[in-house]
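Take a look at the following structure, please.
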Amino acid sequence: MTLPQPPETKQKSASMRPVKGEFMPEKVVPAALWGLAAVTGLGTVAILVPHLLQGTAGIGASFVVALMLFGAAGATWHLFRRTRSESRQEVLLREAFHSVLTPQLITDENGTLIMANRAFRGWIDISNQSPEAALAARFSVTPVVAAEFAQVKAALKKGQPGIAELPVVRGGKIIEWRRIVSRPIDGFPHCYQWRFEDISERRRMEKAMQDEQSKLVDFMANAPVGIYAVDQHGLFRFVNKTLAEWLQATPEELIKGDVRLHDVLRDPPKGVAAHAIASGAQGELRGEAVMRRRDGTMFPVAITQTIVMGDDGKTLRTRSIVRDQSPEREWQQALSVSEHRFQRLFAEAPIGILLVDNKYDVMECNHAFHAIIRRPRGGIVGTGMADLIAPDDRKGMMARLAEVLGGVDQLKPMEVRMLSDREIITQVFVKRFSLVGKEGAGEQNGLMLYFIDATEQKHLQVQFAQSQKMQAIGQLAGGVAHDFNNLLTAMIGFCDLLLQRHKPGDQSFNDIMQIKQNGNRAAGLVRQLLAFSRQQTLQPKVLSLADVLSELTNLLRRLIGATVKLDTIHGRDVGLVKVDQGQLEQVIINLVVNARDAMPQGGTVTIRTRNHKQETHVLRGQDDMPPGDYVVIDVTDSGIGIPPENLQRIFEPFFSTKEIGSGTGLGLSTVYGIVRQTGGFIGVDSVVGKGSTFSVYLPVHAAAEGAADAKPEEARDDKPGPDLTGAGTILLVEDEDAVRVFSTRALRNKGYNVLEARSGEEALEVLAKEGSGVDLIVSDVVMPQMDGPTMYKHVREKWPDIKVIFVSGYTEDRLREQFTSGEVIYFLPKPFTLKQLAGKVKDVMEEGR
């Protein structure tokens, strides 16, 4: 049969191009044959032409020679056609070899590459190494794997085929399994073919089968019937746990001991084999017997026994099932208990379970599924599965059910939203099972669906992510606020210095005051950032919410305007709280103003106070509120409400739904920061179109502690104070040049001798020179290299009597966390004015006098 010849083309396809080093007979042989034919033709012409020119003399001999040469030419042409046909077959065979999807390789006895198909080259890189070295490296992850691969190679050396199944490991994990088949090639001595079949899926299936077998063994051990197997001598070879318990023994005692089948029968049959339960027992036998327990009591049983012969035709083993046939009443009671147990396993399982037929209609469901989906059983059973799934997830879920029903195993659970009056997110596992169909329908496949309510977990994940984001924003805000406090301290301080030279009436006075007032406004914004990040300085005291609201009422009415009604409702015996009064007032004002803005057409704002006892942990927003006694401030409006998509972001700084220019976006974030720093919690409930309620929970404070609380120190700018001049030597440690220059000039103007240092190290050098001549140190907290607290610890070792005032844009609580030995420290928050700095210095200087 002649192979069809391919059409000639100017350029062969890439698949037909020879691999480097391969022999190409379809090129070499035809060229040689063409050369031989050409020589033959030229020889013939050379012989005949002279004779033709000379006449007929000798033409006979020449004709014979010519015939011989033409015969040689014909033979040459036939050999060429045959060689050309064989070359095309070789090309076809080589292309077929390269097209095989399984990696294949042909090597010689030294491991040198003869031919490798494209699948092999795509599977392993042999561009820089020999195939044998590449394979040895791939199959040498463990000594065992390397030894098995070496055995395959050793078999080839002996001229024998080799087979091995080896893993391919990458990154410490098995990524695939390969079945290696190597064999010598018949007719080609010392040439070997290698084939590397991908058996990963088969190995995974074998593992799944092993797991199922383990489950089957466990099922047999705990089956509600007795199961045993004996050999031809009647010795037990297998006994399940159920039968062993009936006999008041353990499986090990029956199998490893000398107990025989007839030993546990009350009346063993006479004249039968040791394994038989009746005479003439061949094949499958059903019968009744009475078994004896260890304590001598009896119980009737029904035994179904099958005898299986071994491969040798001599040994045998029985497969026997034992059913207890105790008195009918006990049997029915046991059956009822068993049915009740299995029904409870289904009905009271902690996860939702659905049984679905092959038309995806619900056949049965348990109580847990009722609780998840919040539907009665009558509204679930008989319903199509698609009608229980939210529309967005319906298509994907039904497609997955069809795959599992068709035989595809589900490897991962699906996340599915159920159709209900609330958002329900579930993790769904799907298993296929067989069920008995109607008469004539035979056995059919159905589905068992397991539902785990993941709604709360999903919400917690979202809340945790939101909490992490808020924490990161808080850290950023706190850092920005600290740097701004340094700038504002210098701006406000230098304004104070200028105001000492430019009194009211001076043409520059108003300009300076404008700068100072805007600096104070900027300081207010910084305080809001610090409030959000919980890094502001608080001065708490014990307060009654009724007193605070009474003082605020008039101010609140002016803020909300005439179109909004303000109602205040005080609860009975509302507890006291320990908070910073100014910050608490800021919280209430921000919430009331926010409520006013939510009612552009007017409405009612209600402030209600009440006691609240929290029995268990509960989430308020993204924060976990522990059990305890709380005082609650509810601020309710009748406004437009907050859309659900915005509820998770309302406490973020600079997030606002108002028009541009209508707010800074710091109002609610400031409220959140103040409440959390005070130890409280805040939550919000809102219905679009009906209004919102913000609830602030503050821990109740014991009233007896109120008398010991000192009143918060107020700013000295607006109150006339005593003479702030003084005398003494002050060491000023500040890395910010502008703050240090202002503070130095301010203190020198008040009569103090000021020594300057830019860092903690430089301060220690100054103290080493001045020694005890320094009366007071005013130091920043955060400085490069050695910070303020570290410097203070060195100062105490040599000069324990020197007092230190720390200035910082962070909170005093954050500073005191670094001191655990009861050190007496003084604190002045940034930004501070000239009067505040001078007043604090004089108070500390005079404290010990």
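Scanning region 159-174 for residues that are part of a strand (DSSP E or B) and without any contact (Cβ under 8 Å) to a residue 24 or more places away in the chain, which turns out surrounded by the most Cβ atoms within 10 Å (Cβ to Cβ)?
Looking at residues that are part of a strand (DSSP E or B) and without any contact (Cβ under 8 Å) to a residue 24 or more places away in the chain, I get Gly162.
Within region 382-392, does at least one residue satisfy the condition of being within 13 Å of Met448 (Cα to Cα), modelled with pLDDT under 90, open to solvent by less than 80 Å² (accessible area, probe 1.4 Å) and not acidic (Asp, Glu)?
No, that holds for no residue.
May I pose another question? Under 9 Å between Cβ atoms, at least 6 apart or on separate chains: pull out the pairs that start in region 562-587 with a residue that is over 11 Å from Val631 (Cβ atoms) and assigned to a loop (DSSP other than H, G, I, E, B) and end on any residue that is among the hydroxyl-bearing types (Ser, Thr, Tyr) and modelled with pLDDT under 90.
Partner pairs satisfying both residue conditions: Asp580/Thr537; Asp580/Thr678.
Can you tell me which residues in region 744-758 are open to solvent by less than 30 Å² (accessible area, probe 1.4 Å) and modelled with pLDDT under 90?
The one that is open to solvent by less than 30 Å² (accessible area, probe 1.4 Å) and modelled with pLDDT under 90: Ala746.
Consider Leu698 against the criteria (1) open to solvent by 10 Å² or more (accessible area, probe 1.4 Å); (2) at pLDDT 90 or above; (3) in contact with a Phe, Trp or Tyr (Cβ under 7 Å, 6 or more places away or on another chain): it satisfies all of them except one. Which criterion is unmet?
Of everything listed in (1) open to solvent by 10 Å² or more (accessible area, probe 1.4 Å); (2) at pLDDT 90 or above; (3) in contact with a Phe, Trp or Tyr (Cβ under 7 Å, 6 or more places away or on another chain), Leu698 misses just condition (1).
Something else now. Counting only residues that are under 19 Å from Leu247 (Cβ atoms) and outside any strand (DSSP E or B), which one in region 313-337 is modelled with the lowest pLDDT?
Checked region 313-337; the qualifying residue modelled with the lowest pLDDT is Pro327.
Go over the candidates Asp597, Asp580, Asp573 one by one and state the one that is open to solvent by 40 Å² or more (accessible area, probe 1.4 Å) and touching a Ser or Thr at 6+ places or on another chain (Cβ under 9 Å).
Asp597
If you don't mind, another one. Between residues in region 364-385 that are at positive phi and residues that are open to solvent by 50 Å² or more (accessible area, probe 1.4 Å), which pairs lie under 8 Å by C-beta distance while being six or more apart or on different chains?
The qualifying pairs are Arg374/Asp421; Arg374/Arg422; Gly382/Asp361.
Output yes when any residue across region 142-164 is in contact with an Asp or Glu (Cβ under 6 Å, 6 or more places away or on another chain) and modelled with pLDDT of 90 or more, and no when none is.
Yes: region 142-164 contains one or more residues that are in contact with an Asp or Glu (Cβ under 6 Å, 6 or more places away or on another chain) and modelled with pLDDT of 90 or more.
Next up: For Glu212, indicate whether it is assigned to a helix (DSSP H, G or I), surrounded by fewer than 16 Cβ atoms within 10 Å (Cβ to Cβ) and modelled with pLDDT under 90.
In short, yes.
Please identify the pairs in which a residue from region 91-114 that is closer than 20 Å to Asp125 by Cβ has its Cβ atom under 8 Å from the Cβ atom of a residue that is of a type in the set (Ser, Thr, Tyr) and surrounded by 13 or more Cβ atoms within 10 Å (Cβ to Cβ), counting only partners at least 6 apart or on another chain.
Ile106/Tyr192; Thr107/Tyr192; Gly111/Ser130; Thr112/Ser130; Leu113/Thr107; Leu113/Ser130; Ile114/Thr107
Being of a type outside the set (D, E, K, R), open to solvent by 10 Å² or more (accessible area, probe 1.4 Å) and outside any loop (DSSP other than H, G, I, E, B) is the filter here; which residues of region 132-144 pass it?
Ala133, Ala136, Ala137, Pro143, Val144
Inspect all residues belonging to region 786-796 and state whether any of them is closer than 20 Å to Phe742 by Cα and of a type outside the set (S, T, N, Q).
yes
When the residues of region 266-309 are filtered to those that are on the phi > 0 side of the Ramachandran plot and open to solvent by less than 50 Å² (accessible area, probe 1.4 Å), which remaining residue is nearest to the chain's Cα centre (by Cα)?
This residue is Gly283.
Next up: Would a scan of region 336-346 turn up a residue that is surrounded by 12 or more Cβ atoms within 10 Å (Cβ to Cβ), within 30 Å of Thr426 (Cβ to Cβ) and hydrophobic (A, V, I, L, M, F, W, C)?
Within region 336-346 (the criterion being surrounded by 12 or more Cβ atoms within 10 Å (Cβ to Cβ), within 30 Å of Thr426 (Cβ to Cβ) and hydrophobic (A, V, I, L, M, F, W, C)), the answer is yes, since at least one residue qualifies.
Would you pick out the residues in region 397-429 that are of a type in the set (Lys, Arg) and either in contact with a strand residue (DSSP E or B) (Cβ under 8 Å, 6 or more places away or on another chain) or crowded, with 18+ Cβ neighbours inside 10 Å (or both)?
Result: Arg400, Arg417.
The values are calculated or read from the model by the stated rules, or taken from the named source; none is laboratory data. The structure displayed is predicted, hence computed values, not measured ones. Every residue, glycine as well, gets a Cβ built from its backbone with ideal geometry; the counts of neighbours run over all protein chains shown. Just so you know, the surface numbers come from the protein's heavy atoms only, side chains and all, with ligands and any DNA or RNA stripped out. Shrake-Rupley method; radii C 1.70, N 1.55, O 1.52, S 1.80 Å.
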